[in-house]
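The values are calculated or read from the model by the stated rules, or taken from the named source; none is laboratory data. Every value quoted in this text rests on a predicted model; they were computed, and no experiment measured them. So basically every Cβ, Gly included, is an ideal-geometry build from the backbone, and we count neighbours across all protein chains shown. For accessibility, only protein heavy atoms count, side chains too; no ligands or nucleic acids. Shrake-Rupley method; radii C 1.70, N 1.55, O 1.52, S 1.80 Å.
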Amino acid sequence: MSFQAQARAVADRLRTATRAAALSGAGMSVESGLPTFRSGSRALWRNRDPMTLATPEAFARDPALVWEWYRERLRAHGAATPNPGHLALAELERRIATFTLITQNVDGLHLRAGSRDVIELHGDVRTSRCASCATRVPTPLDGELPPRCACGGPLRPNVVWFGEPLPPGAYERAWEAAAGSEVFIVAGTSAVVFPAAGLVQVAREAGAFVVEINPDETPATSSCDVSMRAASGAFLPLVVELL
Ligand code: APR
């Protein structure tokens with residue numbers, strides 16, 4: 001089926017849906033100039049060991065090193081703007097009675113694109129919390145590393161590190177959204193990190209029409225009704241245009 005025909009088939013499903021959801025990953029932000037974790041020459045995990053940057057143990061061992069990396073990412077997030085893929089998902093939320101966007105991304109671009117019903121499954125970098133008293137504050141863009149809370153404790157990015165629990169209630173709300181969706185879009189994720197990746201099976205087993213958008217195949221591909229070898233910034237706007 002052609003690109004256009006596939007987009008029309010997805011638009012036909014979304015047009016009559018009253019409940020839909022999407023799971024997004026770092027690939028959604030590639031067309032905003034941000035690197036992914038595992039694909040492409042700029043992949044964040046290409047020359048870095050996640051265990052030295054994205055675990056509580058790494059932060060305890062060298063908080064300044066962890067902060068240098070997050071501060072670099074935060075600056076890149078600030079310089080990036082939402083791309084047509086982000087804007088298309090925000091438009092789907094306006095057009096469908098219930099549309100929940102579950103994102104693994106911490107760059108805030110979905111919110112800046114206008115999406116409102118967003119579950120940030122892996123937290124965000126724009127806020128930080130005190131490792132001692134848990135107070136949450138906007139992430140300081142400069143100053144000493146690690147930045148300090150008013151209580152004197154070290155601040156840490158408000159992201160979910162490997163081995164940490166997801167934000168309270170986030171997975172439950174994401175599970176409900178996936179299990180209740182008539183159409184479930186999976187965009188820009190390698191589908192290798194759980195429990196987020198497991199939401200594809202939750203949607204499928206609940207009878208959703210599952211659409212994957214990714215230039216590469218993933219472990220989720222075989223569970224999808226349609227799997228587009230495409231960029232999210234190209235395919236999603238066409239689907240919205242055909243709604
Ligand atoms: N449009 C859609 N998908 C794209 C695009 C694009 N323009 N460019 C690349 N991709 C795809 C890649 O093929 C890859 O499958 O996006 C996917 C990005 O995968 P990852 O880099 O693994 O990112 P993600 O799936 O979000 O990672 C999940 O892993 O390290 C943790 O916490 C981190 O939230 C992250 C989680």
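Working from Cα pairs under 8 Å separated by at least six residues, relative contact order for segment 35-168 is 22 percent. Rounded to the nearest 500, the 222 nm mean residue ellipticity of the chain from helices alone is -10000 deg cm²/dmol, with -39,500 (n - 2.57) taken per DSSP H run of at least 4 residues. Taking a virtual spin label 7 Å from the Cα of Ala206 along the C-beta vector, which residues in segment 118-142 bring their backbone nitrogen under 14 Å of it? Zone members listed by number: 119. As a calculated quantity, the FRET efficiency between Arg112 and Glu172 at R0 = 25 Å, using C-beta atoms, amounts to about 0.45.
Against the longest principal axis of the chain, how steep is helix 3-16, in degrees 0 to 90 to the nearest 10, with axes from Cα atoms? For helix 3-16, the angle is close to 90 degrees.
Could you work out which residue, out of Ala88, Ala191, Ala79, moves most in a Gaussian network model of the chain, that is, has the largest mean-square fluctuation with Cα springs under 10 Å? Taking springs between Cα atoms under 10 Å, the residue moving most is Ala79. The stretch between Ser2 and Phe194, if pulled fully straight at 0.36 nm per residue, gains 65.9 nm over its current Cα-Cα span.
Between the helical axis of 63-79 and the longest alpha-carbon principal axis of the chain there is an angle of about 40 degrees. Measuring nothing but how far apart in sequence close Cα pairs (under 8 Å, 6+ apart) lie, relative to its length, the chain scores a relative contact order of 26 percent.
Summarising the amide proton neighbourhood of Thr100: residues at separation of 5 or more, or on other chains, whose placed amide H is nearer than 5 Å comprise Ala20, Ala21, Ala22. Assuming charge only on the beta carbon of Lys and Arg (+1) and of Asp and Glu (-1), the dipole of the chain about its Cα centre is about 340 debye to the nearest 20. The residue list Val10, Leu87, Pro146 was ranked by how far each Cα lies along the charge dipole of the chain toward its positive end, using unit charges on Cβ atoms, and Pro146 comes out on top. In the full protein context, the chain carries 44 Å² of accessible surface per residue, based on a 1.4 Å probe and ignoring ligands, DNA and RNA.
Temperature 25 °C, viscosity 0.890 mPa s: under these conditions the Stokes-Einstein estimate for segment 7-162, based on its Kirkwood radius over C-alpha pairs, is 145 µm² per second.
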